[in-house]
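Report on the following structure.
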Amino acid sequence: MRRMAKFMSLALVGAMVFSMPVMAKEVGAPVAVYLEPESDVGDPEITVAAIAEDKLVDEYMADAVTGIWDMDSVTPVAQGGGVVLDGVKSNVTFKVQKPELSRVYSAKDYAKSVGGTVLNVVKIDTHVGFGVANVNFYMPGVAGTENIHVLHFDKGSSTWTDLNVTEIRKDHVVVDLTEMGTFAFVVEP
């Protein structure tokens with residue numbers, strides 16, 4: 001019995017040692033994924049899927065980003081469908097994911113340079129092609145009176161490009177996207 005316990009201990013230690021490099025991703029610090037006390041979600045597959053996206057279970061279930069490493073205050077961003085693709089209403093939903101930590105730092109630097117504040121930084125993806133997508137992002141807490149700019153990170157030039165924001169109203173920011181990638185929501189003076 002003692003040999004089996006010793007073997008299991010060594011196997012677990014070995015697994016931890018060899019898995020450490022896999023866990024060190026650019027996304028940021030380790031993310032704790034758990035079931036919130038008020039949540040009735042108990043499906044282990046959902047928990048595993050949330051972990052794979054570095055999200056809390058509630059974030060995963062809502063396809064939203066509600067918190068980001070190295071940001072104390074984050075305005076949640078979600079996208080629930082109804083995207084207008086090239087002028088035609090669709091039933092397409094865009095996937096909202098957490099960005100790389102380097103993009104968060106870059107967005108914060110940009111916002112600071114213009115005297116603004118970052119509300120959130122997200123990575124957006126979809127399975128369909130388009131020329132221009134008019135996307136309604138749900139952002140609870142937005143009053144509708146802020147000067148919100150949505151910026152796209154251009155990997156080639158490592159710069160942020162201002163996008164066409166078509167509407168800002170209570171809890172919503174509507175913007176035209178021309179490609180997928182990382183986007184920052186910044187309130188500017």
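FYI, it's all coordinate maths here, none of it is from the lab. Note that the coordinates shown come from a computational prediction; the quantities given were computed from them, not determined experimentally. As a convention, Cβ positions derive from the backbone with ideal geometry for all residues, glycine included, and neighbour counts pool all protein chains shown.
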Toy charge model, Lys and Arg Cβ at +1, Asp and Glu Cβ at -1: the stretch 64-187 dipole around Cα centroid in debye, rounded to 20, equals 180
1/(1 + (r/R0)^6) with r = Cβ-Cβ of THR159 and HIS127, R0 = 25 Å, i.e. FRET efficiency to nearest 0.05, evaluates to 0.35
Placing +1 on each Lys and Arg Cβ and -1 on each Asp and Glu Cβ in the stretch 39-189, then taking the dipole about the Cα centre, the residue among VAL132, VAL114, ALA49 whose Cα reaches farthest towards the positive end is VAL114
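Length gain on complete extension for the stretch ASN147 to ASP72, per 0.36 nm per residue less the alpha carbon to alpha carbon distance? Present the calculation step by step, with values, prior to reporting the outcome.
Details: separation 75, 0.36 × 75 = 27.00 nm, distance 2.07 nm.
Full extension of this stretch gives 24.9 nm more.
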